[in-house]
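The values are calculated or read from the model by the stated rules, or taken from the named source; none is laboratory data. Fair warning: this is a prediction, and the values are worked out from it, not measured in the lab. Neighbour counts run over all protein chains shown; Cβ positions are idealised from the backbone, glycine included. The accessibility values were calculated without ligands, DNA or RNA, using every heavy atom of the protein model including side chains. Shrake-Rupley method; radii C 1.70, N 1.55, O 1.52, S 1.80 Å.
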Amino acid sequence: MNQILDAYKPMWSLNHVMSLMSWDFETYMPRKGTEERGVADSQLHLLHKDLLLNKHFVGLVESAKKLESLSDLEKGIVRILNREITRQIKIPKELTEAESLERIRGNMAWREAREKSDFTMYEPHLEKMIEIKKQIAEKIGYQKHPYDALLDSFEEELTVDELDNVFGALTPRLQKILKKLVDLGSPFLKESKLVKSKYDIRRIDELNRDILTLLQYDMKRFRMDVSTHPFTETMGLNDVRITTRYEGTDFKKSIFSTIHEAGHALYDLQCDQSLSVTPLEGGSSLALHESQSRLWENIVARSLPFVQLIAPMIRKQVSFANQVADNELYLYFNNVNADYVRVDADEVTYNLHIALRYEIEKKIFGDELSVPEIPEFWNDRMEQLLGVRPTKDSQGVLQDTHWSSGLFGYFPTYTLGNLVSAIIASKMRKDLEDYEEEIRRGNFKAIREWLRLKIHQYGSVYAPKVLLNKSLNEGYNPDYFVTYIETKYLAP
């Protein structure tokens, strides 16, 4: 195994460099550097592929597969590398290069199209990326649906059949809850006067950093910057970076963006250090990663004890927040609003946004929906699911960066993450008797340690479904999430 890990170090180093480049692309790179960055990125991906598929390295992994006395950690290393080798052997170099180049070019075209709210500016790039991803899906292979090949790259062994079951059970129940809230005239539906009040960006930035300190983040291994679309980038277990956003109004968006990305970061920061510079560092899957960000953003940070905890901090930095009581802050943090934009969606409606994207992607790769048809289908289906219809492309089909980066199959992991976060919260409450009181006191040590022991420490040692069963004795079960939403928003 030492031979494998030694041979893997150059690949890890390339991943480190590409992560740093990705972070720079979204934060500080001058816009005119796009073309050169695209060349560099594509060449590094090709170099990584050459190292991965080197005959000597492949031989080492093949030999390790035959060993019977491997530890769980060693089995994890072989599983991860074998999956990647198997996929990359099937994908020709020209497709790898084409995807890397189009990812950079397409992302810049998407940014410009979004600014002008003009889908036609981005349409040819989307056509090209979809064609590339269709070819990749065919090369990888699948049992039932071409989309399965792409889903599996983000969530190990995830299939259309599984997701049809998840969304088939979840979507109508969420629509029913939303309708009930409307019929009851719920106070969660009332827009707070805090939404449109302008804030001082420097003060909210200071508030975000105070919250990160409260949540016990180690700034020697972690940093925060600003980007249009908040994200987390992990260079290694001791260099994890997040971004947040500042729009000038509705300050909760910035707070939740910060806490959401910090939840992602904590997963990697709490991986066992023995996994550093190995294929196992970082989270087991995107859904498990999303469960951590959603747990902190929604279940912890939108809870009444947390709102009461940070209320004095908010009032210190946001003068107009002194006009409202804690219960009004709580309703502001948990306002339910069927709206166009996914990233601003509340807990009740968020997964309806994902259901829409899942349906579109499934139809695209099932050859049931062409690129020119996407905007109209998007608008029609959003009206059916959420009762609102976008009036411009930036409200609808152009709002997300994912497709420009070739991330087809990514969106469903957001919903799976929400489901897992509710499972985690249910199990954690049973294990931690003073769960809510500890939040109210600002003591997050027990929560962090529970997550470390159950999820974080293992990195990618176990496949996601195995880890869920091992640590939580569950799968992607929507019942916990629906119960959590009903209890929070409909209980008297």
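For the reader, a short list of remarks on this structure follows.
- Scanning the range 190-204 for residues that are touching a Phe, Trp or Tyr at 6+ places or on another chain (Cβ under 8 Å) and free of Cβ contacts under 8 Å to residues at least 60 places away in the same chain yields one hit, ILE201.
- In the condition set (1) surrounded by 22 or more Cβ atoms within 10 Å (Cβ to Cβ); (2) more than 25 Å from SER303 (Cβ to Cβ), ILE242 is compliant with all but (2).
- Test for THR232: is it at pLDDT 95 or above, within 12 Å of the chain's Cα centre (by Cα) and open to solvent by 30 Å² or more (accessible area, probe 1.4 Å): yes
- In the range 245-259, the residues that are open to solvent by 20 Å² or more (accessible area, probe 1.4 Å) and not acidic (Asp, Glu): ARG245, TYR246, THR249, LYS252, LYS253
- Of the candidates VAL195, VAL166, the single residue that is surrounded by 20 or more Cβ atoms within 10 Å (Cβ to Cβ) and farther than 30 Å from PRO30 by Cα is VAL166.
- Considering residues of the range 440-492 that are over 30 Å from GLN175 (Cβ atoms) and either among the basic types (Lys, Arg) or in contact with a Pro (Cβ under 6 Å, 6 or more places away or on another chain) (or both) only, the residue surrounded by the fewest Cβ atoms within 10 Å (Cβ to Cβ): LYS445
- Subset of the range 360-373 that is assigned to a helix (DSSP H, G or I) and in contact (Cβ under 8 Å) with a residue 60 or more places away in the chain - its residue that is farthest from PHE231 (Cα to Cα): PRO372
- For beta carbons closer than 6 Å, sequence separation of 6+ or different chains, a first residue in the range 205-226 that is more than 12 Å from MET313 (Cα to Cα) and a second that is of a type in the set (D, E, K, R) and crowded, with 17+ Cβ neighbours inside 10 Å, the qualifying pairs are ARG223/ARG241.
- Qualifying residue in the range 471-478 (condition: within 21 Å of the chain's Cα centre (by Cα), aromatic (Phe, Trp, Tyr) and at negative phi): yes
- One residue stands out among those in the range 96-129 that are out of contact with any Gly (no Cβ under 8 Å at 6 or more places or on another chain), of a type in the set (S, T, N, Q) and part of a helix (DSSP H, G or I): the one that is most open to solvent (accessible area, probe 1.4 Å), which is THR120.
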